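J.: Handing you this structure, nothing more for now.
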Amino acid sequence: LVDAQDLGRGTPPMNTERACQITRGGGENTPAPVTVGKKNTLNNFCIGIRSDRPGCTSCHAGFVLEIAGFVNSSKLAAQFYFQEMTVLKVMFTAIVVAMVLIFLSSALGMLDYNLIWVNPTYLWPGIVGGLIMGIGFIIGGFCPGTSLVAMSTFKVDGLFYVLGAVFGIFLFGETVDLFDIFWNSSYMGRSTIPKVVGLPTGPGCPARCSHGALHVLGFGAIGTDIQEERCPEPTQAGICVCRDALGGCPEGPDSRPASDDGSLGTDCG
Amino acid sequence: MLSAGALKVLILGQPATMDRWARIAVERQAQLDEREVYIHPGELLDTMHDHRLNLVMLDVREEADYNLFHLADADRIPIEEIPARIPALHMEPANTVFVVMSNDEIAATECWKILVAESIPNVYILEDGSNGWISTLGSDENRLRALDGGEVGDLRYAFAAALGSAFPAADPNPHDYDIEYTPKIKLELKHAPISGGCG
């Protein structure tokens, strides 16, 4: 993930988590330190945003996914092993930020909450679909949006994932009549957390915000522990060499794994 | 900053229906004053048989009046239960036209204000309510008779039996009538989601 020799030289010590930055697009001669870190993750994407200019929205969302490093299937799949918390932290942060902004705008009369489209809930089909998607996510290393972004950046695994998704869509379309009763069952309409738990939005918002913050902090701590375990002794400059969650370098087939002791600056770029 | 925003949401809360109405009252009250949203029974009859539209008729009268007579497929809903029904109404398809009705126009207008404040699109009021409907389309019905007097908001007809929508006037054949009216329904299409879900 990082070239410690290049990146760390001459920089002040940093804590382990901060040091585990991602370099993208760089080789041995182009370390290109970058971009993904807590302070860079407050981007609202991947939460069903709508726009009068769908092309712009798609482009922005895809661009942010790309610069956030979410085109890396190893990084995404590692979330499920609790070895790489970026996805959860980014998503949870985005959700909480969006929630606060939406309800604040609504409270100030700037936004009509009733006009925001909320996907209707079909509880059990949703649970089953979520499980199927989760399994596909683990196996393939992408969710649908990130796979498209990966494909557009010429990643072969992204291409195959998209082909698989298209085939799955075709298969679903051809077979949905066989289970359409289940498919349309347990309809709950426009179901939101305030409605389900019976809390007014006012008190509920800070409660969920705190809940989200605890999650992010909690998972951040888990992530830090894991990072520390993987990088027990940061280099002199305070920068460790991190392997990706699956033990290899995440940035392509020609990359090489970092050394186990974290002291050697192996370039995974 | 996030916590401050959440705290502000806690303090401000979310706007109630009347707050929402107050924000749009100037514009929407003008529609009421100009009677832009009161549709003639003839237009409702045509709309009932226009299969391009999904018509939802909400009858806000008392249950006794509803049992006496109501339009075919009209749902009775007490006005105090309207707010709870709002999320379901939002889930109606984009080609839905909502028509609210009462015995005259008073209760229906109050219901219209709630629905419009809650951003339900394409809401109209039946002109002169059930009384207007019967006088236009049920005058030849021999199982009812017009009453003199009565209070505002009352049904101005007496019925031989509480047949609900079994009266022919509850679902008349549009081809039997030649009614002239000024069309007022303008379908405001809401946009379906164009993206969503994770990534």
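Each value in this text was obtained by applying a stated rule to the coordinates, not by laboratory testing. Since the model is a prediction, treat every value here as computed from it, not as a measurement. Virtual Cβ from ideal backbone geometry, glycine too; neighbours counted across all protein chains shown.
J.: Given a cut-off of 25 Å, name the pairs among B:Lys113/B:Lys186; B:Lys113/B:Lys184; A:Lys75/B:Lys8; B:Lys8/B:Lys113 whose C-alpha atoms lie farther apart than that in the structure shown.
T.: Those over the limit are A:Lys75/B:Lys8; B:Lys8/B:Lys113.
J.: Using DSSP loop states and a limit of at most 12 other Cβ atoms within 10 Å to flag trypsin sites (Lys or Arg not before Pro), what is the longest stretch of chain B containing no flagged site?
T.: Counting only loop sites that pass the neighbour cut-off, the longest clear stretch is B:53-185.
J.: While we're here: Count, for each residue of A:111-118, the Cβ atoms from other chains sitting within 10 Å of its Cβ, then give me the mean as a whole number.
T.: So the per-residue partner count for this stretch is 5.
J.: Rounded to the nearest 10 degrees, what's the angle between the helix B:106-117 long axis and the longest principal axis of chain B, both from Cα atoms, 0 to 90?
T.: For B:106-117 against chain B, the angle is about 30 degrees.
J.: Hey, in the GNM for chain B with a 10 angstrom Cα cutoff, which one of B:Ile114, B:Ile11, B:Ile185 fluctuates hardest?
T.: Highest fluctuation among the options: B:Ile11.
J.: Of all GluC sites (Glu not before Pro) in region B:93-199, which ones are in loop regions per DSSP and have a Cβ with at most 13 other Cβ atoms within 10 Å?
T.: Qualifying residues, ordered by number: B:Glu151, B:Glu180, B:Glu188.
J.: Separation between the B:Tyr181 and A:Trp124 pseudo-spin-labels, each 7 Å from Cα along Cα→Cβ, expressed in nm?
T.: 4.4
J.: Between A:Leu159 and B:Ile11, what is the spin-label point distance in nm, taking each point 7 Å from the Cα along the Cα→C-beta axis?
T.: Inter-label distance under the simple model: 5.6 nm.
J.: Using Cα atoms only, what is the angle between the long axis of helix B:17-33 and the major principal axis of chain B, expressed in degrees (0 to 90) to the nearest 10?
T.: 50
J.: Using Cβ contacts closer than 10 Å as the measure, can you line up A:Met133, A:Met99 from fewest to most? Please report the intermediate quantities before stating the final value.
T.: Values: A:Met133 16, A:Met99 22.
Fewest-to-most ranking of A:Met133, A:Met99: A:Met133, A:Met99.
J.: Looking at chain B, I'd like the Rg to Rh ratio, where Rg is from alpha-carbon atoms and Rh is Kirkwood's inverse mean 1/r.
T.: Working: Rg = 19.2 Å, Rh = 18.4 Å.
We get a ratio of 1.04 for chain B.
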